[in-house]
Amino acid sequence: MSRILIAGESWITATTHTKGVDEFTAHSYTEGVAQLRAALQAGGHEVVHLPAHLVPTEFPETQEALDAFDVVVLSDIGVNSLQLAPAVFEKSIPGRDRVQELARWVEAGGALLMIGGYLSFSGWQGRAGYARTEIADVLPVELLIGDDRVERPAGVVATVLDADHPALGGAGTEWPLLLGYNRTVVKPGAVELARLDGDPLVVVGEAGAGRTAVFTSDCSPHWAPPAFCDEWSGYAKVFQGIVSWLTSR
């Protein structure tokens, strides 16, 4: 059993309602972690979810704090939320660079998984911002500069390159379609296990004494439709397999 920290996968939506000459704004809070958390818990893992709005204040600041976890998952959470703690952003007080700390933790033997989304990798209009950071240095893929999203509204089915690799957990070769992903480039020495439209989907690699992996599409809607994340038995196998591979050292 591993202890896994999932950072991100939540959002707050503000909606303006206009009724004649009157208007009001309503807010709602949503979490997209349910399928991933359930899949990992079904594999016997302990999962700690740190919602996006708590990342600036509560994400581990040191390698020692990160040692409380076996795997860190970054999913749909931009680099600013890691680097701009309130003391730094609001009071100009120097603090720990949690991006550097996370990268050093990985190189010292930790395990990192990045999952795709509008605020993963480079993301929507490049706003996720991981390119040219220490996190980009340890991932098994090169990140693009600028908007790296690939929307596939008609759906695209993965091509599995190595169905027997333990990181795919025996999910087989017949995967349901996905609706988009973040475009990346496989680094030399990394192992590409599945791809979408010729671009990487699942890639694993080494980073110093640690291991890293990417799943460049989503773990929940909208890029991962219900047929993928709710109905397909391979969903749990893939993410359980990735975690098992990341920690099998």
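Name the single residue that is nearest to Asp147 (Cα to Cα) among those in region 42-51 being open to solvent by 20 Å² or more (accessible area, probe 1.4 Å) and in contact with a helix residue (DSSP H, G or I) (Cβ under 8 Å, 6 or more places away or on another chain).
Of the residues in region 42-51, the ones open to solvent by 20 Å² or more (accessible area, probe 1.4 Å) are 42-49.
Restricting the remaining residues to those that are in contact with a helix residue (DSSP H, G or I) (Cβ under 8 Å, 6 or more places away or on another chain) gives 42-43, 45, 47, 49.
Values: Ala42: 35, Gly43: 34, His45: 34, Val47: 30, His49: 27 Å.
Selected residue: His49.
Within region 50-68, can one find any residue that is among the aromatic types (Phe, Trp, Tyr) and farther than 24 Å from Arg132 by Cβ? Walk me through how you get there before you give the answer.
Initial filter on region 50-68 (among the aromatic types (Phe, Trp, Tyr)): 59.
Narrowing further to those that are farther than 24 Å from Arg132 by Cβ: none.
No, the conditions are met nowhere in region 50-68.
Does any residue of region 70-77 turn out to be hydrophobic (A, V, I, L, M, F, W, C), at pLDDT 95 or above and part of a loop (DSSP other than H, G, I, E, B)?
At the first step, the residues of region 70-77 found to be hydrophobic (A, V, I, L, M, F, W, C) are 71-74, 77.
Checking which are at pLDDT 95 or above leaves us with 71-74, 77.
Going one step further and asking which of them are part of a loop (DSSP other than H, G, I, E, B), we end up with 77.
So far as region 70-77 goes, yes, one or more of its residues are hydrophobic (A, V, I, L, M, F, W, C), at pLDDT 95 or above and part of a loop (DSSP other than H, G, I, E, B).
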Given the structure, is Ser28 open to solvent by less than 80 Å² (accessible area, probe 1.4 Å), of a type in the set (Ser, Thr, Tyr) and closer than 21 Å to Leu139 by Cα?
no
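With respect to Arg104, is the statement that it is on the phi < 0 side of the Ramachandran plot, open to solvent by 30 Å² or more (accessible area, probe 1.4 Å), at pLDDT 95 or above and touching a Leu at 6+ places or on another chain (Cβ under 7 Å) true?
On the way: on the phi < 0 side of the Ramachandran plot: yes; open to solvent by 30 Å² or more (accessible area, probe 1.4 Å): yes; at pLDDT 95 or above: yes; touching a Leu at 6+ places or on another chain (Cβ under 7 Å): no.
So Arg104 fails the test.
Which residues, counting only those in region 111-129, are out of contact with any Leu (no Cβ under 6 Å at 6 or more places or on another chain) and in a loop (DSSP other than H, G, I, E, B)?
First pass over region 111-129, keeping only residues out of contact with any Leu (no Cβ under 6 Å at 6 or more places or on another chain): 112-113, 115-120, 123-127, 129.
Of everything in region 111-129, those that are out of contact with any Leu (no Cβ under 6 Å at 6 or more places or on another chain) and in a loop (DSSP other than H, G, I, E, B) turn out to be Gly116, Gly117, Tyr118, Leu119, Ser120, Gly123, Arg127, Gly129.
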From the set of residues in region 56-92 that are open to solvent by 20 Å² or more (accessible area, probe 1.4 Å) and of a type in the set (Gly, Ala, Ser), which is farthest from Arg249 (Cα to Cα)?
Ser92
Among residues of region 164-188, those that are farther than 20 Å from Ala224 by Cβ and free of Cβ contacts under 8 Å to residues at least 24 places away in the same chain, counted
2
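The values are calculated or read from the model by the stated rules, or taken from the named source; none is laboratory data. Just so you know, these numbers come straight off a predicted model, no measurement behind them. Neighbour counts are summed over all protein chains in view; Cβ atoms, including those assigned to glycine, are modelled from backbone coordinates with ideal geometry. SASA here: full protein model, heavy atoms, side chains in, ligands and nucleic acids out. Shrake-Rupley method; radii C 1.70, N 1.55, O 1.52, S 1.80 Å.
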